[in-house]
Amino acid sequence: DTGVSQDPRHKITKRGQNVTFRCDPISEHNRLYWYRQTLGQGPEFLTYFQNEAQLEKSRLLSDRFSAERPKGSFSTLEIQRTEQGDSAMYLCASSSTGIAKNIQYFGAGTRLSVL
Amino acid sequence: AQTVTQSQPEMSVQEAETVTLSCTYDTSESDYYLFWYKQPPSRQMILVIRQEAYKQQNATENRFSVNFQKAAKSFSLKISDSQLGDAAMYFCAYRRIQGAQKLVFGQGTRLTINP
């Protein structure tokens, strides 16, 4: 069990560019979540997958945001035409449907800075 | 919609002393989960303690315990024998048992430990 892994840890981009983040959940966890955390605030939910199905999306997830989880393993979060307001920490979490199904384990996050 | 409020942006405590972090929440659900997560500087968020709303007994994990007052919708965290490694942001979070899997977080409390 190597924990939730996120890549890259930091990303600096210019406004208008597209960026993609990757999340590798804990193996055998079939649930995967994306959150966004701005400085000094608590994380806000973006979207949730169970296996490869995207079951829930927040209104925060505008048309410029898209998330995928092909084959129910790793997930990617893409932001198109980035804006300065997209600057934040993007957190990924995973959980199982077993006994500890109500516990979400978090990765270290990807910090995005849009210049 | 469920909301979580942490009214203490910052708290400080002397090493080896006890500190209590406050959290209130709003929900119309009768069954749910509550969590305290710890986020050290530049490190990933980790679970400190969890409470099932249907359990009247307060959860305890070593030096960490909660005071769960369901009628008052209050969920405070007590840290006994504070250690330097306890310094971090602490987030209170709520999750429904059925339906939506997302965590709803409070704004966080920054805890400083004074040696």
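The values are calculated or read from the model by the stated rules, or taken from the named source; none is laboratory data. Only a predicted model underlies this, so the values are computations on that prediction, with no experimental measurement involved. Positions of Cβ are generated from backbone atoms using ideal geometry, with glycine treated the same way; all protein chains shown enter the neighbour counts. Accessible surface is based on the protein model in full, side chains and every heavy atom, while ligands, DNA and RNA are left aside. Shrake-Rupley method; radii C 1.70, N 1.55, O 1.52, S 1.80 Å.
Along its three principal axes, how long is segment B:1-61 when you only count alpha carbons? Whole Å, largest extent first please.
Result, largest extent first: 37, 26, 22 Å.
With charges only on Cβ, +1 for K and R and -1 for D and E, what is the dipole size of chain B about its Cα centre, in debye, rounded to 20?
Working: 12 positive and 10 negative charges, 66 e Å.
Result for chain B is approximately 320 debye, rounded to the nearest 20.
Along the charge dipole of the protein assembly as shown, which of A:A108, B:Q8, A:G72 sits closest to the positive end, that is, farthest toward it, with unit charges on the beta carbon of Lys, Arg, Asp and Glu (+1, +1, -1, -1)?
It is A:G72, whose Cα lies furthest towards the positive end.
I want the local charge near A:R22. Using Cβ-Cβ distances under 13 Å, sum +1 for each Lys or Arg and -1 for each Asp or Glu among the other residues.
That sum, taken over residues with Cβ under 13 Å, equals -1.
Run through segment A:1-66 and list the trypsin sites (Lys or Arg not before Pro) located in a DSSP loop whose Cβ has at most 14 other Cβ atoms within 10 Å.
A:R9, A:K14, A:R15, A:R59, A:R64
About its Cα centre, how strong a charge dipole does segment B:20-63 have in debye, to the nearest 20, once Lys and Arg get +1 and Asp and Glu get -1 at the Cβ? Could the numbers behind the result be given before it?
Working: 5 positive and 5 negative charges, 72 e Å.
Taking the Cα centre of segment B:20-63 as origin, the dipole is about 340 debye.
Name the residues whose placed amide hydrogens come within less than 5 Å of the amide hydrogen of B:K102, ignoring near sequence neighbours (fewer than 5 apart) on the same chain.
Here nothing satisfies the definition.
What is the gain in length, in nm to one decimal, between B:D26 and B:R96 on full extension, counting 0.36 nm per residue of separation less the C-alpha to C-alpha distance?
Separation in residues times 0.36 nm, less the Cα-Cα distance, equals 24.0 nm.
From the mean inverse distance of alpha carbon pairs (Kirkwood) and the Cα radius of gyration, derive Rg over Rh for segment B:54-115.
With Rg and the Kirkwood Rh in hand, the quotient comes to 1.01.
With the Cα gyration tensor of the protein assembly as shown in hand, convert its eigenvalues to equivalent ellipsoid semi-axes via √(5λ) and list them largest first in whole Å. Don't skip to the end; give the middle numbers.
Values: eigenvalues 174, 87, 52 Å².
Value: 30, 21, 16 Å, ordered largest first.
What does the convex hull of the Cα atoms come to per residue for chain B, in Å³?
It is 96 Å³ per residue.
Ordered by packing density, taken as the mean number of other Cβ atoms within 10 Å over each peptide's residues, highest first, how do B:78-86, B:54-62 rank?
Descending mean neighbour count gives B:78-86, B:54-62.
Would you mind working out the magnitude of the charge dipole of the protein assembly as shown relative to its Cα centre, with +1 at each Lys and Arg C-beta and -1 at each Asp and Glu C-beta, to the nearest 20 Debye? Provide the component values of the computation, followed by the final result.
Working: 27 positive and 22 negative charges, 89 e Å.
In total the dipole reaches around 420 debye.
In whole angstrom, how long is each semi-axis of the equivalent ellipsoid of segment A:1-54, when you take the square root of 5 times every eigenvalue of its Cα gyration tensor and sort them from largest down?
Sorted largest first and rounded, they come to 22, 14, 13 Å.
What's the longest uninterrupted piece of chain A once you rule out the GluC sites (Glu not before Pro) that are loop residues per DSSP with at most 12 other Cβ within 10 Å?
Here the longest run is A:29-82.
Which whole-Hz ³J(HN,Hα) couplings does segment B:17-27 yield from phi under the Karplus relation 6.51 cos²θ - 1.76 cosθ + 1.60, θ = phi - 60°, glycine and proline marked x?
Whole-Hz 3J(HN,Hα) from phi for segment B:17-27: 8, 10, 9, 10, 9, 9, 8, 10, 9, 10, 7.
How far is the Cα center of segment B:40-115 from the Cα center of segment A:41-115, in Å?
So the two Cα centres are separated by 22 Å.
Which ³J(HN,Hα) values, rounded to whole Hz and listed in residue order, are derived for segment B:68-78 from phi using the Karplus coefficients 6.51, -1.76 and 1.60 in 6.51 cos²θ - 1.76 cosθ + 1.60 with θ = phi - 60°, glycine and proline given as x?
Along segment B:68-78, the couplings run 9, 10, 5, 5, 7, 6, 10, 8, 9, 10, 10 Hz.
How big is the Cα convex hull of chain A in projection, averaged over all directions, in nm²?
Values: hull surface 27.2 nm².
Orientation-averaged projected area of the Cα hull: 6.8 nm².
So, for chain A, what is the accessible surface per residue at a probe of 1.4 Å, expressed in square angstrom?
Result: 51 Å² of accessible area for each residue.
Considering amide H positions built from the backbone, and no H for Pro or chain starts, which residues 5 or more places from B:A59, or on another chain, come under 5 Å of its amide H?
B:V66
Looking at this model, which pairs from A:K11/B:K102; A:K14/A:K71; B:K70/B:K102; A:K57/B:K55 are more than 28 angstrom apart at the alpha-carbon? Show your work: numbers first, answer last.
Working: A:K11/B:K102 25 Å; A:K14/A:K71 31 Å; B:K70/B:K102 21 Å; A:K57/B:K55 30 Å.
Table pairs above 28 Å Cα-Cα are A:K14/A:K71; A:K57/B:K55.
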